[in-house]
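> Could you have a look at this structure, given as structure tokens, before my questions?
The values are calculated or read from the model by the stated rules, or taken from the named source; none is laboratory data. Treat the numbers as computed from the prediction; the structure is a model and nothing was measured. Please note: Cβ atoms are built from the backbone with ideal geometry, for glycine as well, and neighbour counts cover all protein chains shown.
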Amino acid sequence: MERYQGRVAVVTGVSSGIGEGLVRALVAAGIRVAGCARNADKLQTLKESLGSNSEHFLPVTCDLTEEQQVRNFFERVLAEWGAVDILINNAGLAFNSSLLDGTVEEWRTMLDTNIVALCLCTQLTVESMKESNISDGYIIHINSESGHMHPVPSKFHFYSATKHAVRALTETMRLELAKTLPGCRISSVSPGLVETQFLAKMAGRPAEQLKVFSRMKALEVEDVVQTVLHLLRTPAHVQVHDVLMRPAGQTS
């Protein structure tokens with residue numbers, strides 16, 4: 001981890017859950033973190049909660065479905081901190097609808113957030129790494145167990161398709177990076193059930209989400225965060241391609 005102290009990480013979707021946990025852990029490790037989310041108030045609250053480390057966090061309000069906002073986000077990071085050494089594509093969302101009752105708007109929003117924004121952020125990061133001659137950059141996608149299976153609940157079917165795409169993109173991006181920026185590594189972390197507000201936001205019924213977590217001990221945000229930190233600590237010659245992690249009691 002020492003190699004990244006004082007350097008710059010970009011993390012998407014940091015207003016809560018895994019993204020917020022990543023910001024706290026990376027800043028504590030001495031890394032400067034630029035984080036984006038749509039909710040400006042939550043970003044400011046997160047910054048203030050970092051106390052003396054708050055100067056190492058750059059909060060930027062950004063809707064990842066809007067290309068120009070994503071470009072503006074990266075332009076600000078580069079203007080203030082000069083380069084991007086680490087990218088963690090954490091942002092992702094799902095809607096409470098199946099393939100047969102979902103809307104085109106929902107599908108496009110998931111595609112733009114879960115796939116297109118991930119690709120654009122990766123492209124802009126690699127451009128920054130090339131311009132700054134960064135030889136040990138790291139790109140990490142926070143994927144999902146749904147990218148490795150076809151989930152039974154129909155509400156996750158389109159979301160699952162986007163996460164299968166992320167799995168494919170991780171491999172194809174690895175192949176491109178091996179040719180154009182061979183020192184840069186890329187990994188995907190695919191958690192199963194994690195105790196966050198993801199399901200509550202998706203279904204709009206937080207009480208039902210609590211029932212899910214009462215039936216089984218889910219992964220905690222810190223479990224995913226520590227997995228990401230482990231990847232960043234691995235020797236520069238080690239390519240950990242995909243981490244699939246589930247709660248011990250999960251049967252899917």
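> So which residues in region 84-116 are out of contact with any strand residue (DSSP E or B) (no Cβ under 7 Å at 6 or more places or on another chain) and hydrophobic (A, V, I, L, M, F, W, C)?
Correct list: L93, A94, F95, L99, L100, V104, W107, M110, L111, I115, V116.
> Sticking with this one: Please verify whether T122 is within 16 Å of the chain's Cα centre (by Cα), of a type in the set (V, I, T) and more than 30 Å from P235 (Cβ to Cβ), treating the condition exactly as stated.
Details: within 16 Å of the chain's Cα centre (by Cα): yes; of a type in the set (V, I, T): yes; more than 30 Å from P235 (Cβ to Cβ): no.
No, not satisfied.
> Pairs only if they're at least six apart or on different chains, beta carbon under 8 angstrom, first in region 5-17 and farther than 12 Å from V33 by Cβ, second polar (S, T, N, Q); list them, first residue then second.
Hits for this filter: G13/N90; S15/N39; S16/T196; S16/Q197; G17/T196; G17/Q197.
> Turning to a different aspect of this structure: Please give the number of the condition S54 fails out of (1) polar (S, T, N, Q); (2) in contact (Cβ under 8 Å) with a residue 60 or more places away in the chain; (3) touching a Lys or Arg at 6+ places or on another chain (Cβ under 9 Å).
That leaves (2) as the condition not met.
> Okay, moving on. When the residues of region 13-52 are filtered to those that are hydroxyl-bearing (S, T, Y) and not in a helix (DSSP H, G or I), which remaining residue is surrounded by the fewest Cβ atoms within 10 Å (Cβ to Cβ)?
S16
> Of the residues E75, E67, which is in contact with a helix residue (DSSP H, G or I) (Cβ under 7 Å, 6 or more places away or on another chain), over 22 Å from Q5 (Cβ atoms) and surrounded by fewer than 18 Cβ atoms within 10 Å (Cβ to Cβ)? Give the steps one after another, and end with the answer.
Working: E75 fails: in contact with a helix residue (DSSP H, G or I) (Cβ under 7 Å, 6 or more places away or on another chain).
The unique qualifying residue is E67.
> Are any of the residues in region 115-127 touching a Gly at 6+ places or on another chain (Cβ under 7 Å) and either closer than 17 Å to L175 by Cα or assigned to a helix (DSSP H, G or I) (or both)?
Of region 115-127, the ones touching a Gly at 6+ places or on another chain (Cβ under 7 Å) are none.
For region 115-127, residues touching a Gly at 6+ places or on another chain (Cβ under 7 Å) and either closer than 17 Å to L175 by Cα or assigned to a helix (DSSP H, G or I) (or both): absent.
> Do we have H164 as in a helix (DSSP H, G or I), at pLDDT 95 or above and surrounded by 15 or more Cβ atoms within 10 Å (Cβ to Cβ) here? I'd like the intermediate steps shown before the answer.
Details: in a helix (DSSP H, G or I): yes; at pLDDT 95 or above: yes; surrounded by 15 or more Cβ atoms within 10 Å (Cβ to Cβ): yes.
Yes, satisfied.
> Out of the residues in region 202-238 that are modelled with pLDDT of 95 or more and among the polar types (S, T, N, Q), which is surrounded by the most Cβ atoms within 10 Å (Cβ to Cβ)?
If we take residues in region 202-238 being modelled with pLDDT of 95 or more and among the polar types (S, T, N, Q), then T227 is surrounded by the most Cβ atoms within 10 Å (Cβ to Cβ).
> Looking for whichever is in a helix (DSSP H, G or I), among the hydrophobic types (A, V, I, L, M, F, W, C) and over 14 Å from the mean Cα position of the chain (by Cα) here; the options are L78, L58. Which one fits?
On the way: L58 fails: in a helix (DSSP H, G or I).
None of the others qualify; the one that does is L78.
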